[in-house]
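Below is one structure, written out as structure tokens; the observations come after it.
Every number here is computed from the coordinates shown, using simple stated rules; none is lab data. Predicted, not measured: the structure shown is a model, and the values here were computed from it. Cβ coordinates were reconstructed from backbone atoms using ideal geometry, including for glycine residues, and neighbour counts include every protein chain displayed.
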Amino acid sequence: MTQASVPVTDPLSIVALDTERHVAMAGWDQNPRLFALVRTADIASAEPTFAAGLRGSDLAPEALTAVEQEGMPPTADLESLLRRIAWPETVDGCALAVERVVVPPEAERDLPSDAAAAVDALQRHPDRQDVRLVVAVLRDGSHRCLLRQRAHDSDDQVASGEEIAPGLVHALLATLAD
């Protein structure tokens, strides 16, 4: 895992970072947020008012724009929802922002078997860390994962890595499958 301190230039990393910052502006304790990733030039050609606010580099052929989807359910229904999503061909990828509680591995081994009791135990664990994941994927399988900790809630403290959330990467790629 690396910090996002080196300037990024690839379109997927740029849209992932922009999406993460957009979500971060709303603070913590949010429901999951889902975004369609679409070529910016395609939106600009269909929406002249959108195009008017763009700069030259925003219209590069590979540039991406995140379009938020409304009505995401609470986290408990996320896996079920993702299994039912199928994006049209006009969508080049998608991104998901979701908050999670992370605890040390030994704390997970001692969790109660009852789901409600396990959630309660995680919420009360003294070593818990609240994190927000932003996972962005494209149809070609490329992906970016970003992680922001509540304890280090700053744009310059967002970590990135290929293997931060492999389950979410797989689930999002499945929504793009033909």
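What the table shows:
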quantity	calculated
Dipole magnitude of the chain, debye to nearest 20 (Cβ charges: Lys/Arg +1, Asp/Glu -1, about Cα centre)	100 debye
Ranked packing of 60-70, 113-123, 93-103, most packed first, by mean Cβ within 10 Å	93-103, 60-70, 113-123
Under 5 Å, built H, 5+ apart or other chain: amide partners of Val158	Ala4
Karplus-derived HN-Hα couplings along the range 135-149 (A = 6.51, B = -1.76, C = 1.60, θ = phi - 60°), whole Hz, x at Gly and Pro	10, 10, 9, 10, 4, 6, x, 5, 8, 9, 10, 10, 9, 10, 8
GNM result for the chain, Cα springs below 10 Å: residue of Asp155, Asp130, Asp110 fluctuating most strongly	Asp110
Projected-area average for the chain over all orientations - Cα convex hull basis, square nanometres	11.3 nm²
Most fluctuating residue given options Leu54, Leu138, Leu12, as computed from a GNM of the chain linking Cα atoms under 10 Å	Leu54
